[in-house]
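Before anything else, here's the structure in question.
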Amino acid sequence: MGEPSRPYVVCPVCGHAFRATYASTYVTVGREADLCPKIPGRPSDGARLIRSAVTMCPVCSFAAGEAFDELDLTFDERYGIEERLKEDGLLKVFRKGQPPWLGFHAAEVCGKERSLRSRELGDLCLRASWVCRKEKERPFESTFQLRALRHFMRSLQEDDLIGRELSVTTYLVGELNRRLGNHREALNWYVNAGRTTEGDPRVAWLDRLIDRQSKLAREQAA
Ligand SMILES: [Zn+2]
């Protein structure tokens, strides 16, 4: 496991300079069925590594998955982000307590203003749900799964996904439905996902996953 680098970064919204922890590479031992990486060691250590995928300004709560110095925000974006961060209900309640999912939530709030694709917004929420599971924050895990599901559904309509990204996103809509208890809905989406892979050998792993999770959803639906 590499030591995370801690460069100084400047918040592109409020100008505060602080040391950020950028994601280091980490060892995984496979993935769970919603693609959450299995990381050796304590679940909270794994949660910390997943969390390092986003950086959050400790002063204004601006957050993003990208390195801050790569962001080039317009005046209007900065203003819009400030307003959203000030008005956000969850941030008002949880800013002080800094729960482990907060950075992903803030990155989603800011991402909407930055016009990120629904696929990216869904990915932030999916990662938040992984962190919640590893930290045993059950109600918040479901909250973020539902948000990820909605973003991914919108992404399938709006983002012109192709290839592997289309297949994985469709599969995740199935898997998130299954985890939220919508087993029949999940089965339909697994079928849709299977249609998108068309026996492509590069996504054979996904075909196997679709088979396995469909069986599980059928048992759960019965
Ligand atoms: Zn800031």
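Tell me whether the stretch 78-129 comes out rounded, prolate or oblate; compute the Cα gyration tensor, take square roots of the eigenvalues as a ≥ b ≥ c, and use a/c under 1.5 as the rounded threshold.
oblate
Just want to confirm a number: the relative contact order over the chain, from Cα pairs under 8 angstrom separated by 6+ residues, in percent.
RCO, the chain: 14 percent.
While we're on this one: Please report, as a whole percent, how much of the solvent-accessible surface of the chain comes from carbon and sulfur atoms (probe radius 1.4 Å). Present the calculation step by step, with values, prior to reporting the outcome.
Values: 5820 of 11680 Å².
Percent of accessible area from carbon and sulfur atoms in the chain: 50.
Can I ask one more? Please compute the per residue accessible area over the chain with all protein chains in place, 1.4 Å probe, rounded to a whole number of Å².
53 Å²
Once both axes come from the Cα atoms, what is the angle between helix 102-113 and the longest principal axis of the chain, in degrees from 0 to 90, rounded to 10?
Once rounded, the angle reads 90 degrees.
Could you tell me the number of lysine pairs in the chain with C-alpha atoms less than 21 Å from each other, where the two lysines are 8 or more residues apart or belong to different chains?
Final tally of qualifying lysine pairs is 6.
For the chain, build the charge dipole from Cβ charges (+1 Lys, Arg; -1 Asp, Glu) around the Cα centre, then report which of Ile81, Cys125, Pro99 sits farthest towards its positive end.
Positive-most Cα among the choices belongs to Pro99.
Once you have a ≥ b ≥ c as the square roots of the Cα gyration tensor eigenvalues for the stretch 40-164, tell me rounded if a/c is under 1.5, and otherwise prolate or oblate according to whether a/b is larger than b/c.
Because a/c hits 1.5 or more and a/b fails to exceed b/c, the stretch 40-164 counts as oblate.
Then there's this: Could you order the peptides 44-51, 215-222 from most to least packed, using the average number of other C-beta atoms within 10 Å per residue?
44-51, 215-222
Let me make sure I get this right: for the stretch 92-222, a, b and c are the square roots of the gyration tensor eigenvalues over alpha carbons, sorted descending. Under 1.5 in a/c it's rounded, otherwise prolate if a/b > b/c, else oblate. Which is it? Write out the running numbers ahead of the final one.
On the way: a/c = 2.39, a/b = 1.47, b/c = 1.63.
It comes out oblate by the Cα gyration axes.
Please calculate the 1.4 Å probe accessible area of His105, with all protein chains present, and give it to the nearest 10 Å².
Using a 1.4 Å probe on the heavy atoms, I get roughly 10 Å².
Ok, one more. Could you work out how far helix 163-179 tilts from the main Cα principal axis of the chain, as a 0 to 90 degree angle to the nearest 10?
Tilt of helix 163-179: around 80 degrees.
The values are calculated or read from the model by the stated rules, or taken from the named source; none is laboratory data. Computed from a predicted structure; not experimentally measured. Positions of Cβ are generated from backbone atoms using ideal geometry, with glycine treated the same way; all protein chains shown enter the neighbour counts. Heavy atoms of the whole protein, side chains included, go into the accessibility calculation; ligands, DNA and RNA do not. Shrake-Rupley method; radii C 1.70, N 1.55, O 1.52, S 1.80 Å.
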